[in-house]
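Q: Attaching a single structure in structure tokens format; questions to follow.
The values are calculated or read from the model by the stated rules, or taken from the named source; none is laboratory data. Because the structure is a prediction, the values reported are computed rather than measured. Because the Cβ atoms are built from the backbone with ideal geometry, glycine has one as well, and the counts that use them run over all protein chains shown. Ligands, DNA and RNA are excluded from the accessible area calculation, which covers all protein heavy atoms including side chains. Shrake-Rupley method; radii C 1.70, N 1.55, O 1.52, S 1.80 Å.
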Amino acid sequence: MADVARLAGVAISTVSRALANPGRVNEKTRAKIDAAAKQLGYTPNAMARGLRVGKSNTIMIILPGSLYYGVSQVIPQVLQSINKALLQNGYNLMIANLGRDVESERHILDLAFGGTIRGAIILSSKLPEVDGRSLANAGLPIVSMLLDMSDAGVPSVVTNDREAVRDATADLIQLGHRRFLYLAGPENNYHDLERFSGVVEALQEAGLPESAVVRSGGKLDYQHGFDIGVHAASDFAALADKPTAAIATSDDMAISFMSRVQRMGLSIPGGLSIVSFDGSPVCAFCSPPLSTIEQPMEEMGQMAVAILMVAIDRPEQMPEMRNVIRSRLIQRESVAAPVRVVSPPSSGNHEGSTI
């Protein structure tokens, strides 16, 4: 604060007032103080100011975006499991980054660098970075959940996306399906890469070409899963050679897709089988009930907190970088053998296609 006062040419008490009660300082002086604080990278230390004894007992979870898109129960399940584990360890949970805009991320960094939080769990997203500051440099323990950031040195708790989708696709092939529609998340997204790779691996193991699967989507974020499903239904209707099975990378996609194709007069699973990913409770109440790969949210949340607690209490102990908890396929009435088994397409006469 003294450095800010010297650079701005004002008294330390003026800096204190400007930061604590901006309305008590005239606009010109406040602008000089703000510019000096930004130049020096100064952030008011909430722990020093408000918690003069002990240390912060707040853990921040950084979400990938707003909770108001879709009906997926994944985020609430994550929050519940992490909050329960934190309370058992004497910590409180702070939820951050519902907008994923610059101001939200700057606020997160202010809290991290200012001592308000003791550690962070980042959920399926990148580390906040604004104005040359990154959460990675805040000197805080960080754990990534759902997104594998182990290559960047961040301990990660993930599920076996690729293997789970490969096994689900193999089950569909075993039932006789030979032509597939894949409802994709955004291109180059970690989850989409892993899950689509699982589909391709299952096809290869069965001696089927990659052209046996047609992709729909690839541009919208997972938060727009309903829209992806609606667009996929239109893509499906436009195909001359209709797939007999659809694999969606989120429950939201599958739910809206299934609703739209049923409106077209297609029966599920008689005309088309559908499998999705996430394991949202709402899948059990779809019509027909939707087969889905359930992510082990409670176990993953508990493990993420356990890793964070070790990092806080025993920082000298090196954590396991990549921690995998297996998902499980919940088989329901949205999957059946195709009414007409489609012959495998010739690998020499087809190329992979994207809608």
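Q: Quick one: 3J(HN,Hα) in Hz for segment 317-331, Karplus 6.51/-1.76/1.60 with θ = phi - 60°, rounded, Gly and Pro as x.
A: 7, 6, x, 5, 6, 10, 10, 10, 10, 6, 7, 9, 7, 9, 8
Q: Per 0.36 nm of contour for each residue apart, how much would the distance between residue 239 and residue 26 grow if the chain were fully extended, relative to their Cα-Cα spacing? Intermediate values should be presented prior to the final figure.
A: Working: separation 213, 0.36 × 213 = 76.68 nm, distance 6.57 nm.
That works out to 70.1 nm of additional length.
Q: Label residue 322 and residue 87 with points 7 Å out from Cα along Cα→Cβ: what is the distance between them in nm?
A: Each label point is offset 7 Å from its Cα along the Cβ direction, giving 3.5 nm.
Q: Please name whichever of 300, 37, 10 sits farthest to the positive end of the charge dipole of the chain, dipole taken about the Cα centre and charges placed at Cβ: Lys and Arg +1, Asp and Glu -1.
A: Of 300, 37, 10, it is 10.
Q: Let me have the relative contact order for segment 161-295, percent, based on Cα pairs under 8 Å that are six or more residues apart.
A: On the way: 236 pairs, mean separation 32.4, N = 135.
About 24 percent, as a whole number.
Q: Suppose every Lys and Arg Cβ carries +1 and every Asp and Glu Cβ carries -1, with no other charges. What dipole size does the chain come out with about its Cα centre, to the nearest 20 debye?
A: Working: 32 positive and 36 negative charges, 260 e Å.
Using only the charged Cβ atoms, the result is roughly 1240 debye.
Q: Angle check, please: helix 225-238 long axis (alpha carbons) against the longest principal axis of the chain (alpha carbons), in degrees 0 to 90, nearest 10.
A: Helix 225-238 sits roughly 30 degrees off the main axis of the chain.
Q: Continuing with the same structure: Quick one: 3J(HN,Hα) in Hz for segment 298-306, Karplus 6.51/-1.76/1.60 with θ = phi - 60°, rounded, Gly and Pro as x.
A: Result, ordered by residue: 5, 5, 5, x, 4, 5, 4, 5, 4 Hz.
Q: Past the 40 angstrom mark, what percentage of all C-alpha to C-alpha distances in the chain do you count?
A: Values: 17577 of 62835 pairs.
Here the long-distance tail beyond 40 Å is 28 percent of all Cα pairs in the chain.
Q: Here is a further query. Pull up all non-local amide H partners of residue 322: gap of 5 or more, or a different chain, and H-to-H distance under 5 Å with H placed in the peptide plane.
A: 156
Q: Around residue 182, which amide H atoms from residues at least 5 apart in sequence, or from another chain, sit under 5 Å from its own amide H, with H modelled in the peptide plane?
A: Here 214, 215, 216, 247 satisfy the definition.
Q: Still on this structure, I have one more. Among 273-281, 145-153, how do they line up from the highest to the lowest mean number of other beta-carbon atoms within 10 Å?
A: Numbers: 273-281: 24.8, 145-153: 17.6.
Output ranking for 273-281, 145-153: 273-281, 145-153.
Q: Here is a further query. Per residue, what accessible area does the chain have, given a 1.4 Å probe and all protein chains present, in Å²?
A: On the way: 16890 Å² over 355 residues.
Normalised by residue count, the accessible surface of the chain is 48 Å².
Q: Okay, moving on. Could you give the length gained by full extension between residue 331 and residue 313, i.e. 0.36 nm per residue of separation minus their alpha carbon distance, to one decimal place? Mind showing how you got there, number by number?
A: Working: separation 18, 0.36 × 18 = 6.48 nm, distance 4.17 nm.
Full-extension gain reported as 2.3 nm.
Q: Right, next: For helix 161-175, what angle does its Cα long axis make with the longest principal axis of the chain, in degrees from 0 to 90 and rounded to 10?
A: Approximately 10 degrees, to the nearest ten.
Q: For segment 284-289, take each phi angle, set θ = phi - 60°, evaluate the Karplus expression 6.51 cos²θ - 1.76 cosθ + 1.60, and give the result in whole Hz per residue in order, putting x for glycine and proline.
A: Karplus-based 3J(HN,Hα) across segment 284-289 equals 5, 10, 6, 10, x, x Hz.
Q: Given springs between every Cα pair under 10 Å in a Gaussian network model of the chain, which of 38, 219, 126 has the largest fluctuation?
A: Maximum fluctuation in the GNM of the chain, among the listed residues, is at 38.
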